[in-house]
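The next block holds one structure in the form of structure tokens; read it before the comments.
The values are calculated or read from the model by the stated rules, or taken from the named source; none is laboratory data. Because the structure is a prediction, the values reported are computed rather than measured. Note that each Cβ is placed from the backbone with ideal geometry, even for glycine, and that neighbours are counted across all protein chains shown. Only protein heavy atoms, including side chains, enter the accessible area calculation; ligands, DNA and RNA are left aside. Shrake-Rupley method; radii C 1.70, N 1.55, O 1.52, S 1.80 Å.
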Amino acid sequence: VNGLQARTFGVWTLLSSVIRCLCAIDIRNRTLYYITLFTFFLALVHFLSEVFIYHTAALTIGVMAPLMVASFSIMGMLIGLQYLEVEALSQNKKKN
């Protein structure tokens, strides 16, 4: 890994964490929620491709940890998405 690759990965990680923190602050913002969900999908695909397609990473604890975090986060956010939809429907009924 050269310096440019390390800095690019660092900036990508920082951007993902900012998006995720903003979603945690404003969890009812559907657009931000979908963008955050997409960051977890992107991380999952990235690490899986490095292990199984490019063979540049071994399936060690250092790679398993982000895979598990991304997987559990995706599952949790998909479950949470159902509650956001139910909440949006109930708010629409209250307005009418």
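Per residue, how many Å² of accessible area does segment 3-95 show with a 1.4 Å probe?
71 Å²
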- Under the Karplus curve 6.51 cos²θ - 1.76 cosθ + 1.60, θ = phi - 60°, whole-Hz ³J(HN,Hα) for segment 12-20, x wherever Gly or Pro sits: 4, 5, 5, 4, 4, 5, 5, 4, 5
- Query: Between ALA65 and PHE41, what is the spin-label point distance in nm, taking each point 7 Å from the Cα along the Cα→C-beta axis?
  - Reply: 2.7 nm
- Determine the relative contact order of the chain: mean sequence separation of Cα pairs under 8 Å and six or more apart, normalised by residue count, in whole percent. 21 percent
- Could you look at the chain and say what percent of its accessible area is carbon and sulfur, using a 1.4 Å probe and all protein chains? 71 percent
- Query: Each residue of segment 21-38 in order: what ³J(HN,Hα) in whole Hz does its phi give by Karplus 6.51 cos²θ - 1.76 cosθ + 1.60, θ = phi - 60°, with x for Gly and Pro?
  - Reply: 5, 4, 5, 5, 6, 10, 5, 8, 6, 5, 4, 5, 4, 5, 5, 5, 4, 4
- Task: Hey, for a label at ARG30 modelled as a point 7 Å past Cα toward Cβ, could you say which residues of segment 58-96 have their backbone N under 13 Å away?
- Result: 81-93
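If a/c stays under 1.5 just call it rounded; otherwise compare a/b with b/c (prolate if a/b is bigger, oblate if not). Do that for the chain, with a ≥ b ≥ c from the square roots of the Cα gyration tensor eigenvalues. Could the numbers behind the result be given before it?
Details: a/c = 3.74, a/b = 2.16, b/c = 1.73.
Verdict is prolate for the chain.
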